[in-house]
Amino acid sequence: MYKKILSGILSLVCLICFSSAAISQEQIQEAQQGKYVGTKFSMTYHFKYCPWVKKAKAKDKIMFKSVKEARKAGYQACQLCSPPIKD
């Protein structure tokens, strides 16, 4: 239980650190919904704190709850933040 809480807090802190603009309630809720963020233009999935996620437009992002879900959709792991390739 503590691991999930810590993970959620870390995700929000990282999201704040990489964001140059104010974070909306919608962005916070979106960050809590999935574990990985896919970017449609590059067909890669990332950890939420990856700099590439920050650069992507909101309309080009898709949330994945697992690596399996991202890989099934045809997404590859980001080479910068190095998310796992298997769950």
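The values are calculated or read from the model by the stated rules, or taken from the named source; none is laboratory data. Treat the numbers as computed from the prediction; the structure is a model and nothing was measured. No Cβ is skipped: glycine too gets one built from the backbone with ideal geometry, and neighbour counts run over all protein chains shown.
Residue-by-condition table, conditions (1) surrounded by fewer than 17 Cβ atoms within 10 Å (Cβ to Cβ); (2) under 9 Å from the mean Cα position of the chain (by Cα):
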{"residue": "37", "(1), (2)": "no, yes"}
{"residue": "50", "(1), (2)": "no, yes"}
{"residue": "53", "(1), (2)": "no, yes"}
{"residue": "57", "(1), (2)": "yes, no"}
{"residue": "63", "(1), (2)": "no, yes"}
{"residue": "66", "(1), (2)": "yes, no"}
{"residue": "71", "(1), (2)": "yes, no"}
{"residue": "77", "(1), (2)": "no, no"}
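Being more than 14 Å from the chain's Cα centre (by Cα), at pLDDT below 95, of a type in the set (S, T, N, Q) and not in a helix (DSSP H, G or I): is that true of residue 20 here? In short, yes.
Look at the stretch 61-73: where a residue is within 11 Å of residue 34 (Cβ to Cβ) and in contact (Cβ under 8 Å) with a residue 24 or more places away in the chain and a partner is crowded, with 18+ Cβ neighbours inside 10 Å and of a type in the set (D, E, K, R), sitting 6+ places away or on another chain with Cβ atoms under 7 Å, you get 64/35; 65/35; 66/35.
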